[in-house]
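Participant: Here it is: the structure, laid out below.
What follows draws every value from the coordinates through simple rules; no lab data is involved. Predicted model only: the values in this text are computed from it and were never measured. Because the Cβ atoms are built from the backbone with ideal geometry, glycine has one as well, and the counts that use them run over all protein chains shown.
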Amino acid sequence: MNRREKEQYLREYAVLKAKGKPFFPYVIAKDGAMVMIVIGIILTMSYLLGGTIAAKADPTSTTVVPRPEWYYYFVFELLRVVKPAAITPLATVGIPTVCLILLLLLPFYDRGPERHPLRRPIATTAGVLTILVTGYLTWMGAEAGAPTEIAMPPSANVVNKEDPETVELYLKGREELPSLGCLACHQIGENGNHGPGPKLTDIADRLPEAGIAQTLRNPTAPMPSYQSLEPEKFKAVVTYLGHLTKENEENPVEGGGE
Ligand code: HEC
């Protein structure tokens with residue numbers, strides 16, 4: 001802010017101050033009224049709609065899918081997409097902290113006299129970007145499927161047309177796969193993480209069953225080898241993946257197969 005701007009600001013300030021009302025009691029009364037209204041709305045809503053208390057926590061349950069409250073979905077999504085363990089704290093604690101510090105320091109580095117959003121391009125861009133990025137991450141976090149199941153229904157092509165033995169292996173593979181940790185690195189349908197491994201939703205269009213089995217025995221790092229898996233399980237997983245084609249995906253069994 002140069003001297004001319006500062007003088008103009010001080011002049012405007014003096015005019016406004018002369019015209020305005022004192023903080024006490026006007027602003028206090030106004031804020032107090034608003035606080036009462038907000039508390040009133042919360043009380044009315046909890047009386048009319050009721051609050052819900054979730055089921056009691058069960059430490060012995062192994063099927064629980066931990067999910068944060070919706071307003072933490074953006075941090076949850078950051079945790080999901082930032083893979084290397086070494087930089088996870090940087091992403092989940094570091095980035096929000098740096099943003100908060102930048103926000104606290106705003107009055108010290110943004111000293112322009114302008115107040116209109118269109119004349120403060122940097123502050124406005126940063127604000128809009130923050131809202132967009134947080135909104136996007138919240139959306140992605142809310143959409144994330146559980147890593148403990150495959151929601152994508154079995155295919156009618158397989159279930160109705162293949163021989164019973166193949167169908168049994170296929171369904172067993174679909175059941176077993178999430179417990180093997182594959183979804184920590186791969187996505188199948190809506191479930192699993194977006195990486196580091198490629199999406200397996202249509203893997204059979206790219207890789208025949210023999211190729212899938214070969215990958216499981218002799219993978220490229222960081223994928224671990226599943227060489228020592230029980231043969232029956234191994235076969236089931238390979239059979240399941242070997243039938244994951246786009247065509248099969250678009251032809252699910254009635255009722256989602258559950
Ligand atoms: C630690 C992460 C990780 C885990 C766990 C993991 N994978 Fe992978 N997987 C990868 C990566 C990374 C690649 C890509 C390797 C490459 O392109 O050479 C890959 C490649 C593959 C491929 C070949 C994909 C293609 O398009 O060629 C298949 C099939 C596969 N994984 C299946 C599985 C199955 C089934 C499991 C569980 C039994 C599993 N993966 C577990 C990381 C993982």
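Participant: Gain in length, E168 to W70, computed as 0.36 nm per residue apart minus the alpha-carbon separation, to one decimal in nm?
Facilitator: 31.5 nm
Participant: Could you give the nm distance between label points at V15 and E190, where each point is 7 Å from its Cα heading toward the beta carbon?
Facilitator: 5.7
Participant: I need the GluC sites (Glu not before Pro) found in the stretch 32-130, filtered to DSSP loop residues with at most 16 other beta carbons within 10 Å of theirs.
Facilitator: Filter output for the stretch 32-130: E69, E114.
Participant: Semi-axes of the stretch 1-53's equivalent ellipsoid from the Cα gyration tensor, sqrt of 5 times each eigenvalue, largest first, rounded to whole Å?
Facilitator: Working: eigenvalues 373, 46, 7 Å².
Sorted largest first and rounded, they come to 43, 15, 6 Å.
Participant: What full-extension length gain, to one decimal in nm, is calculated for S225 and V82 as 0.36 nm per residue of separation minus the Cα-Cα distance?
Facilitator: The S225-V82 span can extend by a further 49.2 nm.
Participant: Who wins for biggest fluctuation among A151, A221, A142 in a Gaussian network model of the chain, springs between alpha carbons below 10 Å?
Facilitator: Of A151, A221, A142, the most mobile in the Gaussian network model is A221.
Participant: Turning to a different aspect of this structure: Looking at the stretch 1-98, which trypsin sites (Lys or Arg not before Pro) are DSSP coil and have at most 13 other C-beta atoms within 10 Å of their C-beta?
Facilitator: Passing both the DSSP loop test and the Cβ count: K56.
Participant: If I model a spin label at T92 and I122 as a point 7 Å from the Cα along the Cα→Cβ vector, what separation in nanometres do I get?
Facilitator: Distance between label points: 3.2 nm.
Participant: Right, something else. Using only the alpha carbon atoms of the stretch 101-236, find the Kirkwood hydrodynamic radius as the inverse mean reciprocal pair distance, in angstroms to one decimal. Please list the in-between numbers first.
Facilitator: Details: mean 1/r = 0.0533 Å⁻¹.
For the stretch 101-236, the Kirkwood estimate is 18.8 Å.
Participant: According to a simple spin-label model (label point 7 Å from Cα along Cα-to-Cβ), what is the distance in nm between T60 and E143?
Facilitator: 3.9
Participant: Suppose R0 equals 35 Å; then what is the FRET efficiency for I131 and F23 from their Cβ-Cβ distance, rounded to the nearest 0.05?
Facilitator: Here the calculated transfer efficiency is 0.70.
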